[in-house]
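Just below is one structure, and these are the notes that go with it.
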Amino acid sequence: KVISTGTTYYCEGHLDFAGQTYNCLGTHGDVNVYGALRSSCNVFFYQAGRALTIRRMEVYANLFGLGVKSGVEISESSGRMSSAEYYEEHSGDKWRDGHTISAAIGQQDDQFTPLQLATYTAAIANNGVRYQTHLLDKVLDYTGDTVLYEHETTIAEPAEVDAWVMQEVQYGMRLVSTDGTAADVFANYPVSVCSKTGTAENSGNQADNLTFIAYAPADDRQIAVAVVLE
């Protein structure tokens, strides 16, 4: 209940806060959540994240599978969602609102695996219900005819977010594909896709990392995808 679908923030291409400048990839003017998703407006998410606070962001990230192990049947990294406690313990400095602003767009100490991003995407498609991630479907005997064990889908974590809220996010992700940052590829794609593009900056003169998540078909969700390009 921090923002609503009617909440707008003004994007002039950057946000100046506490003596720092936080850049956006474009100048979007007054933008709501649909426009922010469609155009990938950093300024909207800077402002929304600051209003939400890092404590709430950490809780929701974990509920959606970011920064926690998925439980898949092989070894995996737990990743990390930024938190004031982790930062202050490892930096010796105090967490500030500027750190929250960075964490809101996937920067700061955020470190998520592609599997976590795919699990997170599936949870969005499932209206906020995160299912247990797994590789094993079933085990057959040596003849291949008898099923010895079959995996039963289980809910790992319900995010306890109202379905209508998730549906608004889904609508915004559909706009990304039809006339947003992914429209060049997906506007006329034969399958309806809901997606979100992301850019993760690197230090120094290194090129940015690119991320992309999607699920499809939009009205009959069957597959969730996460792509990371270094």
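Compared with the alpha-carbon gap, the fully stretched path from Asp109 to Thr21 is longer by 29.8 nm at 0.36 nm per residue. Karplus-based coupling profile of region 147-164, in residue order and whole Hz: 7, 8, 8, 10, 5, 9, 5, 10, 7, 7, 6, x, 6, 6, 10, 4, 4, 5, with θ = phi - 60° in 6.51 cos²θ - 1.76 cosθ + 1.60 and x standing for Gly or Pro.
Once the chain from Ile74 to Trp164 is taken as fully extended at 0.36 nm per residue, the excess over their C-alpha distance is 28.9 nm. Hey, how many Å between the Cα centroid of region 121-195 and the Cα centroid of region 7-27? Using only Cα atoms, the two centres lie 32 Å from each other. Candidates Ala216, His90, Thr27 compared by Cα position along the dipole of the chain: farthest toward the positive end lies Thr27, with charges placed on Cβ.
With loop membership from DSSP and a limit of 12 other Cβ atoms within 10 Å, the longest segment of the chain without trypsin sites (Lys or Arg not before Pro) is 95-230. Rounded to the nearest whole Hz, the Karplus-based 3J(HN,Hα) values (6.51 cos²θ - 1.76 cosθ + 1.60, θ = phi - 60°) of region 8-19 follow the sequence 10, 10, 8, 10, 10, x, 6, 10, 9, 8, 6, x, with x at glycine and proline. For log10 I(q)/I(0) by the Debye sum over Cα atoms at q = 0.13, 0.18 Å⁻¹, the listed values are (1) -0.82, -1.55; (2) -0.70, -1.47; (3) -1.04, -1.42; which was obtained by calculation from the structure presented? Matching entry in (1) -0.82, -1.55; (2) -0.70, -1.47; (3) -1.04, -1.42: (1).
Given an 8 Å cut-off on Cα distances and at least 6 residues of separation, report the relative contact order of region 69-175 as a percent. Relative contact order for region 69-175 comes out at 25 percent. Taking 0.36 nm per residue of separation and subtracting the Cα-Cα distance, full extension of the segment from Thr153 to Asp141 would add 2.2 nm. If R0 is taken as 41 Å, the Cβ-Cβ distance between Thr7 and Asp219 corresponds to a FRET efficiency of 0.95.
Annotation: amide H of Thr199 within the under-5 Å range of Thr211, sequence separation 5 or more or interchain, hydrogens built in the peptide plane. The residues packed around His151, meaning those with a beta-carbon under 9 Å from its beta-carbon, carry a net charge of -2 if Lys and Arg are +1 and Asp and Glu are -1.
Seen from Thr7, the other residues with C-beta closer than 15 Å to its C-beta sum to a net charge of 0, counting Lys and Arg as +1 and Asp and Glu as -1. The GluC sites (Glu not before Pro) of region 54-129 that meet both conditions, a loop assignment by DSSP and at most 12 other Cβ atoms within 10 Å of the site Cβ, are Glu73. Translational diffusion of region 140-182, estimated by Stokes-Einstein from the Kirkwood radius over alpha carbon pairs at 37 °C in a medium of 0.692 mPa s, is 228 µm² per second. Distance between the modelled labels on Leu210 and Tyr60, one decimal in nanometres: 2.7 nm (7 Å Cα→Cβ projection). Backbone phi angles across region 55-67, fed through the Karplus curve with coefficients 6.51, -1.76 and 1.60 (θ = phi - 60°), yield HN-Hα couplings of 4, 5, 4, 4, 4, 5, 4, 5, 4, 8, x, 8, x Hz in residue order; Gly and Pro are listed as x. Helix 42-52 and the longest principal axis of the C-alpha atoms of the chain enclose an angle of approximately 80°.
Bear in mind these aren't lab numbers, they're just calculated from the coordinates by the rules spelled out. Because the structure is a prediction, the values reported are computed rather than measured. Neighbour counts are summed over all protein chains in view; Cβ atoms, including those assigned to glycine, are modelled from backbone coordinates with ideal geometry.
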